[in-house]
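The values are calculated or read from the model by the stated rules, or taken from the named source; none is laboratory data. Please read all numbers here as calculations on a predicted model, not as lab measurements. Methodologically, a virtual Cβ is constructed for each residue, glycine included, from the backbone with ideal geometry; neighbour enumeration extends over all protein chains shown. What goes into the accessible areas is simple: the full protein's heavy atoms, side chains included, and nothing from ligands, DNA or RNA. Shrake-Rupley method; radii C 1.70, N 1.55, O 1.52, S 1.80 Å.
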Amino acid sequence: MKKICLLICLAILTCSCFAQYKNDNVLYKTVYVQDLCKELNSNPGSLFLDVRTPGEYADTSSMGMNIGSFKNAKNIEVRELGKRISEINGYKDKPVFVYCSHSQRSRRASKMLADSGFLHVFNINGGMTGLRQLPVTGNECVYDKLISANAYNIISAADLCNKISKSATNIFLLDVRDDSAFKHISTDAKVNSFGYFKSSTHIPLSLLEANLAKVPTGKEIIIIDLYGDVAADAAVILSRKNYKHVSVLLEGIDRVLSTDSRSLGCISSAYVSNLPYRIINAQELKPFIENTKEYLFLDARTTEEFANKHKNYWQNIGHVDHAINIPVTDLETQWTKIEGYKTKPVVVYVFSSGTAAHEAANILVKKGFTNVLVLQGGIFNIGWTAANIKGFSSLAKLRVDVPDQN
């Protein structure tokens, strides 16, 4: 069920599509989360428009999607905005700051508002997840505006690292993923790619209530999993058992792997990965390209995806410039096409964070490749990062042959 929910969330993100980035700072203005307070101060009397579902807005949705909202925000789900837009007509000539979870739905909404005559529309890049990834220290002006109905706190990857580095004795890291995932014996190569934090204690969610004696009451409990959903379930259990200081790592280790390691000081010393290859994310890709003389991008998607001929139009998003396409299903027999890169960096990617990239990486390692990297989030995350993360707009140039509709 959890995996189905994650696939639905991905569909929400992808189906709203890259074409809408073309409207950024044309039909509406985009605001990076780091600049939000400055923009709010420059635009008094503004409205926060939350275009997520009512369940997401009220923190009553699926666990991983309950991440709070802005105080006094107006909630109109993007699918209802067309018929309910008159409810905010009083803001046609006033600032409207639009947000969702990851800033894809909010772009659709921002375009609708601009097309309907709203004059001062701001899309919050990265959405609520982007805001929640800001460290608390130095961003109090943002966190003071957020509310949540959760009985637990949400913690960013950056704040987790800060706590590990500064006050490790005051926190208890609880890893609640399944045994197969934690022990890296899952049948899913991607699940096996997630490492762990050295000081964490592993108790699967299914065994948590029977093992509460192992969870101290006098420390802050920080719960970790793969994607943040199972951790939220665990947090509810602990809260019901009267644990007072419970936090969930937002989007789990998946978000840690998607965050620029240069901003996470604890990763090199506190995070353990036993992979025979490396994981690199879109933010880390920028300095990698700038500082690496010779490398190869291996596109492990199907031939149809690479050629923009997939039946799902939203999966036709071009490819990385000069990438070589060898579908993972053909790699065992066609790997010799890239044999010249056995000792050079090979960056493997697929559409998003699918298991195929990890399967391809494992094949290359078995064939003797010694410098294999998997691109976290795939080519999708290159486009998303370029549009939403401050300082990475140049990544957009990496994607070529992108259809106009995407």
Query raised in the report: Inside the range 182-207, can you point out the residues that are over 24 Å from Glu220 (Cβ atoms), among the aliphatic types (A, V, I, L, M) and out of contact with any Ser or Thr (no Cβ under 8 Å at 6 or more places or on another chain)?
Result: Ile185
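Do we find that Val51 is at pLDDT 95 or above, under 20 Å from Ala387 (Cα atoms) and buried (at least 20 other Cβ atoms within 10 Å of the Cβ) in this structure? Give the steps one after another, and end with the answer.
Numbers: at pLDDT 95 or above: yes; under 20 Å from Ala387 (Cα atoms): yes; buried (at least 20 other Cβ atoms within 10 Å of the Cβ): yes.
Against the criterion (at pLDDT 95 or above, under 20 Å from Ala387 (Cα atoms) and buried (at least 20 other Cβ atoms within 10 Å of the Cβ)), Val51 qualifies.
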Query raised in the report: Take the residues of the range 297-317 that are of a type in the set (Ser, Thr, Tyr) and modelled with pLDDT of 95 or more: which is nearest to the chain's Cα centre (by Cα)?
Result: Thr302
Query raised in the report: Among the residues of the range 335-355, how many are part of a helix (DSSP H, G or I) and either acidic (Asp, Glu) or open to solvent by less than 50 Å² (accessible area, probe 1.4 Å) (or both)?
Result: 4
Report summary line: Conditions (1) in contact with a Phe, Trp or Tyr (Cβ under 9 Å, 6 or more places away or on another chain); (2) surrounded by 14 or more Cβ atoms within 10 Å (Cβ to Cβ); (3) not aromatic (Phe, Trp, Tyr) -> Asn66 fails only (1)
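Given the criterion under 22 Å from the mean Cα position of the chain (by Cα) and not hydrophobic (A, V, I, L, M, F, W, C), identify the matching residue among Glu294, Glu359, Glu339. Even if it seems obvious, please write down each step before you answer.
Values: Glu294 fails: under 22 Å from the mean Cα position of the chain (by Cα); Glu339 fails: under 22 Å from the mean Cα position of the chain (by Cα).
Testing whether each residue is under 22 Å from the mean Cα position of the chain (by Cα) and not hydrophobic (A, V, I, L, M, F, W, C) leaves just Glu359.
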Query - Selection count, the range 92-106, where residues are over 21 Å from Ala58 (Cα atoms) and either open to solvent by less than 70 Å² (accessible area, probe 1.4 Å) or under 21 Å from the mean Cα position of the chain (by Cα) (or both) - result: 1
Query raised in the report: Just for the range 376-397: of the residues that are open to solvent by 30 Å² or more (accessible area, probe 1.4 Å) and under 28 Å from Leu226 (Cβ atoms), which one is nearest to the chain's Cα centre (by Cα)?
Result: Ile389
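Looking only at the range 318-334, which residues are open to solvent by 20 Å² or more (accessible area, probe 1.4 Å) and either more than 25 Å from the chain's Cα centre (by Cα) or without any contact (Cβ under 8 Å) to a residue 60 or more places away in the chain (or both)? Lay out the reasoning, then the answer.
To start, the set of residues in the range 318-334 that are open to solvent by 20 Å² or more (accessible area, probe 1.4 Å) comprises 319, 321-322, 324-325, 328-330, 332-334.
The answer is His322, Ile324, Asn325, Val328, Thr329, Asp330, Glu332, Thr333, Gln334.
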Report task. Could you give me the residue pairs with C-beta distances under 7 Å whose first residue belongs to the range 391-406 and is on the phi > 0 side of the Ramachandran plot and among the polar types (S, T, N, Q), whose second residue is open to solvent by 50 Å² or more (accessible area, probe 1.4 Å) and modelled with pLDDT of 95 or more wherever it lies, and which are 6+ apart or on separate chains? Result -> none
Report summary line: Picking from Glu294, Glu304, the residue that is part of a helix (DSSP H, G or I), open to solvent by 10 Å² or more (accessible area, probe 1.4 Å) and either among the acidic types (Asp, Glu) or touching a residue at least 24 places away in the same chain (Cβ under 8 Å) (or both) would be Glu304
Requested in this report: Would you point out which residue out of Tyr243, Tyr271 is in contact (Cβ under 8 Å) with a residue 60 or more places away in the chain, in contact with a strand residue (DSSP E or B) (Cβ under 8 Å, 6 or more places away or on another chain) and crowded, with 17+ Cβ neighbours inside 10 Å?
Outcome: Tyr271
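When the range 204-230 is examined, which residues are found to be of a type in the set (Lys, Arg) and either surrounded by fewer than 13 Cβ atoms within 10 Å (Cβ to Cβ) or without any contact (Cβ under 8 Å) to a residue 40 or more places away in the chain (or both)?
If we filter the range 204-230 for residues that are of a type in the set (Lys, Arg), which is where we start, we get 214, 219.
If the condition is that a residue be of a type in the set (Lys, Arg) and either surrounded by fewer than 13 Cβ atoms within 10 Å (Cβ to Cβ) or without any contact (Cβ under 8 Å) to a residue 40 or more places away in the chain (or both), then Lys214 is the only one that fits.
I'd like to check something: does the range 311-334 contain any residue that is assigned to a helix (DSSP H, G or I) and either at positive phi or touching a Lys or Arg at 6+ places or on another chain (Cβ under 6 Å) (or both)? So that I can check it myself, show each step before the final result.
Going residue by residue through the range 311-334, those that are assigned to a helix (DSSP H, G or I) are 313-315, 328-334.
Filter once more, so that each one left must be either at positive phi or touching a Lys or Arg at 6+ places or on another chain (Cβ under 6 Å) (or both): none.
Within the range 311-334, none of the residues are assigned to a helix (DSSP H, G or I) and either at positive phi or touching a Lys or Arg at 6+ places or on another chain (Cβ under 6 Å) (or both).
Listed here are the residues, each with its yes/no results for (1) among the aromatic types (Phe, Trp, Tyr); (2) in a helix (DSSP H, G or I); (3) closer than 18 Å to Asp50 by Cα.
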residue: Gly130; (1), (2), (3): no, yes, yes
residue: Gly138; (1), (2), (3): no, no, no
residue: Cys161; (1), (2), (3): no, yes, no
residue: Lys166; (1), (2), (3): no, yes, no
residue: Leu174; (1), (2), (3): no, no, no
**Report entry** Selection from the range 69-78 of residues that are open to solvent by 30 Å² or more (accessible area, probe 1.4 Å) and either under 21 Å from the mean Cα position of the chain (by Cα) or in contact (Cβ under 8 Å) with a residue 40 or more places away in the chain (or both)
**Finding:** Lys71
Query raised in the report: What number of residues within the range 26-43 satisfy the criterion of being under 20 Å from Leu131 (Cα atoms) and open to solvent by 90 Å² or more (accessible area, probe 1.4 Å)?
Result: 3
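Residue-by-condition table, conditions (1) free of Cβ contacts under 8 Å to residues at least 12 places away in the same chain; (2) touching a Phe, Trp or Tyr at 6+ places or on another chain (Cβ under 8 Å):
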{"residue": "Asn89", "(1), (2)": "yes, no"}
{"residue": "His102", "(1), (2)": "no, yes"}
{"residue": "Asp115", "(1), (2)": "no, no"}
{"residue": "Pro135", "(1), (2)": "no, no"}
{"residue": "Tyr143", "(1), (2)": "yes, no"}
{"residue": "Ala158", "(1), (2)": "no, no"}
Requested in this report: Filter the range 178-203 down to residues that are under 24 Å from Ser62 (Cα atoms) and open to solvent by less than 10 Å² (accessible area, probe 1.4 Å) and give me whichever is farthest from the chain's Cα centre (by Cα).
Outcome: Ile203
